[in-house]
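Everything on this sheet refers to the single structure shown next.
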Amino acid sequence: MTTELQVGQLVTGIYKTGKYVGEITAIKRDHYTIRVKAVLKHPLQGDLHAPKESDVLFFHERRALAYNEQTNVPKSHVKPFANPVPIYHESLKAALSEQINQLEADNSKWAEESLKIFRRLEADYFKD
């Protein structure tokens, strides 16, 4: 038997290859609605149905969910979070930097295409 999480509880949730800290705002039969408070892992770039492939019809740009944006996450992808919540802007910067560092060590065409997108996102996210 699993313990049901509660509205208002802090959790981590995985959504389209990104991982976030958020607060549960609603509980449905198969998913939780969470309000994003921080980014733990920036989503990967490219086609979700062909991970790490560059020879796809359309190489998607995947932005991180925004601060306070709400999204539905399957219950199996949501876990309690007990640590202090990182500041959104700082967490986004750290998650993006981690992805860029990993991609710079990868010589694949997918990594090259992903880096181009991440560099554009970095300029857009942190233009201030």
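Quick notes on this structure:
- Contact map, region 22-41: residues that are among the aromatic types (Phe, Trp, Tyr) paired with residues that are surrounded by 14 or more Cβ atoms within 10 Å (Cβ to Cβ) and part of a strand (DSSP E or B), Cβ distance under 8 Å, separation 6+ or inter-chain. Pairs shown: Tyr32/Val11; Tyr32/Gly13; Tyr32/Ile24; Tyr32/Val73; Tyr32/Val78.
- Region 1-35, subset part of a strand (DSSP E or B), charged (D, E, K, R) and out of contact with any helix residue (DSSP H, G or I) (no Cβ under 9 Å at 6 or more places or on another chain), residue surrounded by the fewest Cβ atoms within 10 Å (Cβ to Cβ): Arg35
- Of the residues contained in region 72-82, none is found to be on the phi > 0 side of the Ramachandran plot, of a type in the set (S, T, N, Q) and modelled with pLDDT of 95 or more.
- Lys127, sole failed condition from (1) more than 26 Å from Asp55 (Cα to Cα); (2) touching a residue at least 24 places away in the same chain (Cβ under 8 Å): (2)
- Where a residue in region 79-94 is within 12 Å of Lys37 (Cβ to Cβ) and its partner, wherever it lies, is of a type in the set (S, T, N, Q), with Cβ under 7 Å and at least six apart: Phe81/Thr12
- Which listed residue, of Ser114, Ser54, is surrounded by fewer than 19 Cβ atoms within 10 Å (Cβ to Cβ) and not aliphatic (A, V, I, L, M): Ser54
- Ala95 vs. criteria at pLDDT 95 or above and either within 13 Å of Leu40 (Cβ to Cβ) or more than 14 Å from the chain's Cα centre (by Cα) (or both): yes
- When Gly46 is tested against (1) modelled with pLDDT of 95 or more; (2) surrounded by 17 or more Cβ atoms within 10 Å (Cβ to Cβ), only condition (1) is not met.
- Residue that is farthest from Thr17 (Cα to Cα) [pool: residues in region 71-128 that are of a type in the set (Ser, Thr, Tyr) and not in a helix (DSSP H, G or I)]: Ser108
- Among the residues of region 57-82, those that are of a type in the set (S, T, N, Q) and within 19 Å of His42 (Cα to Cα) comprise Asn68, Gln70, Thr71, Asn72.
The values are calculated or read from the model by the stated rules, or taken from the named source; none is laboratory data. Remember, predicted model here, so these are calculated numbers, not experimental data. Positions of Cβ are backbone-derived with ideal geometry, glycine not excepted, and every protein chain shown enters the neighbour counts.
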